Each structure stands twice: as C-alpha cells, then as structure tokens.
1. Mind counting the residues in segment 233-251 that are of a type in the set (D, E, K, R) and farther than 15 Å from D268 by Cβ?
2. Hey, can you tell me all the residues within segment 22-49 that are open to solvent by 10 Å² or more (accessible area, probe 1.4 Å), small (G, A, S) and in a helix (DSSP H, G or I)?
3. Just a yes or no: is a residue in segment 244-253 within 20 Å of Q205 (Cβ to Cβ), among the hydrophobic types (A, V, I, L, M, F, W, C) and open to solvent by 60 Å² or more (accessible area, probe 1.4 Å)?
4. For segment 254-277, give me the residue count where each residue is within 18 Å of F6 (Cβ to Cβ) and either open to solvent by less than 40 Å² (accessible area, probe 1.4 Å) or out of contact with any Lys or Arg (no Cβ under 6 Å at 6 or more places or on another chain) (or both).
5. Yes or no: segment 290-313 includes at least one residue that is aliphatic (A, V, I, L, M), over 20 Å from the mean Cα position of the chain (by Cα), part of a helix (DSSP H, G or I) and modelled with pLDDT of 90 or more.
6. Restricting attention to segment 234-272, which residues are of a type in the set (G, A, S) and either outside any loop (DSSP other than H, G, I, E, B) or over 14 Å from Q199 (Cα atoms) (or both)?
7. Would you confirm whether any residue within segment 200-219 is part of a loop (DSSP other than H, G, I, E, B), open to solvent by 70 Å² or more (accessible area, probe 1.4 Å) and of a type in the set (S, T, Y)?
Amino acid sequence: MNLQAFLITFREAFEAILIVGIIISYLNRIGQSKWNKWVWLGVVMAIIASLGVALVFQIVLDGYATMGSREYLRIGILLVSAGLLTHMILFMSKQNREMRSKLQQKVALILTAGGALNMIVHSFLVTLREGVETVFFFAAISSGDISKVLQSWGALFGLVAAGVLGIVVFKSSKKIQIGTFFRITSVFLIMIAAGLFVQAVGVMQDLKIIGSVYHTPGGEVGAMYDLTWFMPEHPIDETNYIRDTGNHPILNGQIGIFFKAFLGYTQDPSLEEFVFYWMYYGFVFVLLARQKKLAESADKSASDEGALQEGQGNSERNDINTAI
C-alpha cells in the first residue's frame, strides 16, 4: 500500500503544483505578485474541502454507494476541470498578447479584480480536483479505509517528492524568456485538459451513459488500437498481459498509471475517445486562432483611428499656419 500511496500522491500533487505554479509564475512575470496570497488561499481552501470529502467517504458512504457516487462525481469533476483549464488557456493567451503590446509602450500591465479572481478560482478548483481524485484512489486501494493510507509513509513521501520536483521545474523556468514560457505552459495545459476530457468520455462509456459506434463481435466497446505491449495503463493490465502472452511490456503499468492520471493516456482507446481527444485540440486551436484574429483586428482599428486623428491634427496645424 505504501508504494501505491506514494505514486498516487506524487502524481496528483505534482499536477496540482505544476498548474498552481504556472498561475503564480504568470502573476510574477506580469508584475502582479500582490495577488499570490489569494491564490494560495484558494489552494488552502481546496485542501480543507478535499479533507471534508475524505471524511464524507470515510463515514457516510460505503460499498456500492461509494462506487456509484465516486464515478458520477468524477465525471463532473473531469468535465468541469477540462472546461476551466480551457478558459485559463484562452485567458492567459489574451493577457500575454496585451502584455507584449503594453510592454512595448513601456506601460505596466494591470490585472483587474475579475482577472485575479479567475486565477484564484482556478487554483481552488484545480487543487480540489486533485484532492478529490486522491480520495477516490485512496478509497480504492484501502477498501474504503482512507485513514490507513493517510497515515502511511508513502502518502507523505509522495507529497515531498512532488514538492521537490515542482521547485526544481519552476526554478529552471525562471531562465526561460517570458514568450517561450507562455507557449510551453499553454501547450502543457492543453495536453492536460485534453486528457481530462477524454477520461470523462471513457468513464461515461464504462458506465454505459454513452455508447459507441464501434463494437467487438462480443458486443463490447471496440478499441482503435492496443498499446498494452508498449505501456499498460495500470499494473493489473500489465499482469494480465504477461499472463496471456508470456511477454513483458516495454514500459510497466506503474508508468502507465501515472500518464493516465496525468495526461489521460489510454492503452486501448475507443473510437469516441480517439476522436474526441483530437477534436478537443482542434477546438482549442480554433478558439485561439479566432481570439488572435479578433485581437489583430482590434489593434488594426486602433492603429487606423490613431493615424486618422494624427492626420486631422496635422491638417488643423497646417490650416493655422496658412492663416498666420
């Protein structure tokens, strides 16, 4: 259980640390570090809320009720989180363009209260999602006795390892130019959001909330391909693969379960998972392109208006000079 607890807390805490770290780095890079304390308040509130969820699962819910509630709640959390990250990507992209424009004019970017509230809400909900998912996983590996896992050394070491790795990543990121920083973090956030979205689709298919247009001869949801030989998405899948084939996969299930939780990796995606995953990328890039086009159009209009006003001013001065 200690190893499982370590891997669970490490991957969930690391994802939360990275996303909250991106928010903090973003605020620092645009000279708005005064909002950092409110972001951390959102994180603390989310941790408290996650402990409350753990208490509910420990005392109130058990057996089938726990399983049913967990999966439906998980679908909601995955979809809301994917939507929030998408909004965050668009928001940061817009702010980054405005910042570059304003910096060229040597004018400091001022983050409005509404924009700061977005950052705080995102930090709260991102941390809450990771906390609640940790509760789900702990309940699964401990047969519902979450307190046993919380007291294990694996859970503590996982948090420490995630914190250390997060510090290393963001210490290194300070050497990266701001434009490159925003591009890298945007791609990273898009990958996480796409993974969350496709995980929600997979869970809904498992619960038969949605079906599939592609089935196996036995009537099960069909897979587009099978990468179990390369990297199983769970240690159980690795064990079954070794039993059935006598061969070992190239990468083991512990690595697979990390990438599944982190980026939505699936060893044998359904047609819907495959299609929706890439559709999400297309959807986000269309939104970004549209946002960029609107911004360029607004800049052009502002530039034309400025040129017109300057021309009118020159004309008026010429009229005055002529009169004199």
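1. Filtering segment 233-251 down to residues of a type in the set (D, E, K, R) leaves 233, 237-238, 243-244.
Within this subset, residues satisfying the condition of being farther than 15 Å from D268 by Cβ are 243.
Qualifying residue count, segment 233-251: 1.
2. Keep residues of segment 22-49 that are open to solvent by 10 Å² or more (accessible area, probe 1.4 Å), which gives 24-25, 28-38, 40-41, 43-45, 47-49.
Among the residues that remain, those that are also small (G, A, S) are: 25, 31, 33, 49.
Across segment 22-49, the qualifying residues are S25, S33, A49.
3. From segment 244-253, those within 20 Å of Q205 (Cβ to Cβ) are none; that's our starting set.
No, segment 244-253 contains no residue that is within 20 Å of Q205 (Cβ to Cβ), among the hydrophobic types (A, V, I, L, M, F, W, C) and open to solvent by 60 Å² or more (accessible area, probe 1.4 Å).
4. Filtering segment 254-277 for residues within 18 Å of F6 (Cβ to Cβ) gives 254-262.
In the following step, the residues that additionally are either open to solvent by less than 40 Å² (accessible area, probe 1.4 Å) or out of contact with any Lys or Arg (no Cβ under 6 Å at 6 or more places or on another chain) (or both) were identified as 254-257, 259-262.
Within segment 254-277, residues that are within 18 Å of F6 (Cβ to Cβ) and either open to solvent by less than 40 Å² (accessible area, probe 1.4 Å) or out of contact with any Lys or Arg (no Cβ under 6 Å at 6 or more places or on another chain) (or both) number 8.
5. Initial filter on segment 290-313 (aliphatic (A, V, I, L, M)): 294-295, 298, 302, 307-308.
Those left that are additionally over 20 Å from the mean Cα position of the chain (by Cα): 294-295, 298, 302, 307-308.
Applying the additional criterion that residues be part of a helix (DSSP H, G or I) yields 294-295, 298, 302, 307-308.
From the residues that got through so far, the ones that are modelled with pLDDT of 90 or more too are none.
No, the conditions are met nowhere in segment 290-313.
6. So the first thing to find is which residues in segment 234-272 are of a type in the set (G, A, S), and the list is 246, 253, 256, 261, 264, 270.
Once the filter is applied, which keeps residues that are of a type in the set (G, A, S) and either outside any loop (DSSP other than H, G, I, E, B) or over 14 Å from Q199 (Cα atoms) (or both), segment 234-272 yields G246, G253, G256, A261, S270.
7. yes
The values are calculated or read from the model by the stated rules, or taken from the named source; none is laboratory data. Predicted model, so just to flag it, every value in this text is computed and none were measured. Please note: Cβ atoms are built from the backbone with ideal geometry, for glycine as well, and neighbour counts cover all protein chains shown. These area figures cover heavy atoms from the full protein model, side chains too; ligands, DNA and RNA do not enter into them. Shrake-Rupley method; radii C 1.70, N 1.55, O 1.52, S 1.80 Å.
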